[in-house]
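No value in this document is a laboratory result; all are computed from the given coordinates. Quick caveat, the model's predicted, so the values are computed rather than measured. Quick reminder, even Gly has a Cβ in these numbers, built from the backbone with ideal geometry, and neighbours come from all protein chains shown.
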Amino acid sequence: MIGSAGLGVHDAFDRVAFIHQLALEIGRRQVIVAAVAILTAVRVSHPPRVPHPLVREVAEGLLAPWCDTIQLNVAQAIAVHPGALQQVPHRDQDMWRVEPGAMEYLVNVIWPLTPFEADNGATLVWPHSHGRHATSHDPDTPPCAAVMAPGSALLFLGSTLHGAGPNRSDAVRRGVVVGYALGWLKPYENQWLAYPPAVARTFTPELAALVGYRQHRPNLGNYEGQCPSILFGGDVDAAIGPVDALRPDQEEMVAAFVAGQRPGG
Ligand SMILES: O=C(O)CCC(=O)C(=O)O
Ligand SMILES: [Fe+2]
């Protein structure tokens with residue numbers, strides 16, 4: 001989506017108007033765009049859905065320049081209790097040792113289960129802190145609170161400075177964090193342990209693929225050299241042979257190398 005409009009991820013997130021247009025194009029739903037770049041709260045659904053078609057399309061569009069397929073990085077419920085202090089501002093991509101600004105690794109989605117208010121722990125997001133700005137120098141601009149209600153979701157890049165706000169109210173603020181990462185990264189939560197084959201086989205093929213039951217070319221995340229979704233078929237024959245899952249350029253390179261060794265090749 002972003003690519004088709006000729007904009008890089010960072011340019012796109014710098015341009016609220018573009019995000020608005022993007023959401024209108026793919027959302028066909030009411031879209032609330034905050035008056036600052038990077039923070040976009042989208043009317044989606046309640047209860048949260050993994051994957052939500054609109055959210056998935058946005059995450060895939062943003063991460064497509066760097067991977068074939070995306071994966072679930074985490075699905076986690078977070079409660080901010082009355083009296084809780086502000087969370088340390090952080091960038092979620094810092095869980096990996098990355099070079100800030102070179103690329104994006106993660107799109108995070110926060111789904112409120114209770115209203116997020118300025119005084120009850122709504123996530124704080126620092127505008128213009130993402131992408132090439134994600135250096136050790138943190139912005140002097142104040143954060144903005146993602147005030148939203150169940151039915152909306154907050155989307156932000158893994159390079160964006162953010163954190164849960166302090167809860168000065170007398171009620172618990174509850175939300176669910178769902179992260180989508182590049183398909184070849186080590187995810188925050190070990191998806192195969194969280195969703196072993198006996199559980200994942202009850203998922204839709206789309207969800208099973210998102211939690212790791214598919215390979216990322218070339219051959220990443222295979223089981224005995226095959227797509228791990230073969231584990232959904234019951235007893236797997238120990239003698240199954242490996243089947244390569246290569247990118248087209250790798251297929252071509254291997255085919256040419258093999259042909260070159262044949263007599264007359
Ligand atoms: O719950 C929130 O508002 C943010 C939580 C968060 O950023 C985190 O746990 O990494
Ligand atoms: Fe975070």
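Of note:
- Here the contact order of the stretch 190-265, divided by its residue count and restricted to Cα pairs under 8 Å and six or more residues apart, works out to 23 percent.
- The mean of 1/r over all pairs of different alpha-carbon atoms in the stretch 147-216, once inverted, gives a Kirkwood hydrodynamic radius of 15.1 Å.
- Note on Glu251 and Trp184: their simple-model spin labels are 1.8 nm apart, each label 7 Å out from Cα toward Cβ.
- Take 150-156, 205-211, 246-252 and order them by the average number of nearby Cβ atoms within 10 Å per residue, most first; the result is 150-156, 205-211, 246-252.
- Principal semi-axes of the equivalent ellipsoid, √(5λ) from the alpha carbon gyration tensor of the stretch 190-265, are 32, 14, 8 Å from largest down.
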